[in-house]
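Working notes, structure below.
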Amino acid sequence: MIAGVWAHYDDDLLFGTPTIDRAIRSGHRVRNLFLTASDAGTGMSPYVAGRERGIRAAYDVMRGSTTAWSDRETVLANGVAVSVTSPDDDPRIALAFLRLPDGGLTGGGWFANGYRTVPRLRAGKIPSLTTLDTGQEFTVERLVATVAAFITGSGATSVLTNMPDSAPGGDGDHPDHGATGGLVAAAVDAGLIDGATVRYAVGYPRHAWPANLDAEAVARKLAVFAAYGEHDEILRRDPDDYLALAGLGEWLRREHLIDESDVGRGGDRR
């Protein structure tokens, strides 16, 4: 059973696939927690709603069905409420949305959200952060506990997440990615989750790593991502055009997952 903890709605598709796709096709369960609303400073907007439709569509491709999804609120063991969506005919899959503000490419956020972001929270620049939809407040400690509660509550035997910003492989990545991986790493260091189950996905810097997916795997990954992209008003384009995009095309041709034990510790991993 895979539990994923990701910064944005497409991180699992770009950096944790084909592993996730193959797990679903083999009959395994997948639970993902997305920390931010992936809102690009727009708040709870049509843009966010579109991206959430897109992530459902991508998992429809993986599971081979387009039946309806239903939403519910779930309260984790530490008292945090998350919005969870699952296909009506496939309880193996659950996507949980915490909907914290997106940090943007600088990690500093936007005026509309008061420049309050997960990277700034972890850096100690703000004392707390609130969700865009429910107004739940998070300190760093509560966010680490939330990540741990999601993972342990899912019964995960494998955990996938973004590369921590403290790791050499995290240099040059999106700040939200590094902060998300850093929260999982902090949960490992605190003994809240088993590090032996955790693998970190190399993100933006992966374009410099060797391409390691064959043509069939790339075509399948592209089909999954294109189903998502159809609902993302910024990324939307003809499917074959994604492979020609700088960065995105390289990510679609690669997947590099690093075991927790192989990720170096550098700096504060709170």
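The values are calculated or read from the model by the stated rules, or taken from the named source; none is laboratory data. Please read all numbers here as calculations on a predicted model, not as lab measurements. Ideal geometry is used to build each Cβ from the backbone, glycine not excepted, and the neighbour counts take in all protein chains shown.
Across the range 1-14, the qualifying residues are those that are in contact with a Gly (Cβ under 9 Å, 6 or more places away or on another chain) and within 21 Å of VAL144 (Cβ to Cβ), and the one among them that is surrounded by the fewest Cβ atoms within 10 Å (Cβ to Cβ) is ILE2. Among the conditions (1) touching a strand residue (DSSP E or B) at 6+ places or on another chain (Cβ under 7 Å); (2) modelled with pLDDT of 95 or more; (3) small (Gly, Ala, Ser); (4) in a helix (DSSP H, G or I), the only one that GLY169 does not satisfy is (2).
Give me the pairs, please: first residue somewhere in the range 72-100 and closer than 21 Å to GLY135 by Cβ and without any contact (Cβ under 8 Å) to a residue 60 or more places away in the chain, second residue anywhere and aromatic (Phe, Trp, Tyr) and outside any loop (DSSP other than H, G, I, E, B), beta-carbon distance under 6 Å, and either six or more positions apart or on two chains. If the second residue must be aromatic (Phe, Trp, Tyr) and outside any loop (DSSP other than H, G, I, E, B), the pairs left are SER83/PHE97; THR85/TRP69.
Evaluated against (1) farther than 23 Å from LEU183 by Cα; (2) modelled with pLDDT of 95 or more; (3) small (Gly, Ala, Ser); (4) out of contact with any Asp or Glu (no Cβ under 7 Å at 6 or more places or on another chain), ALA112 falls short on exactly one condition, (2). Give the residue, chosen from ALA196, ALA211, ALA217, that is in contact (Cβ under 8 Å) with a residue 40 or more places away in the chain, farther than 26 Å from GLY103 by Cα and either assigned to a loop (DSSP other than H, G, I, E, B) or acidic (Asp, Glu) (or both). The match here is ALA211. Scanning the range 67-81 for residues that are surrounded by 14 or more Cβ atoms within 10 Å (Cβ to Cβ) and touching an Asp or Glu at 6+ places or on another chain (Cβ under 7 Å) turns up TRP69, ALA81.
When LEU132, LEU95 are checked against the criterion of being among the hydrophobic types (A, V, I, L, M, F, W, C), part of a loop (DSSP other than H, G, I, E, B) and closer than 20 Å to HIS177 by Cα, LEU132 stands alone in meeting it.
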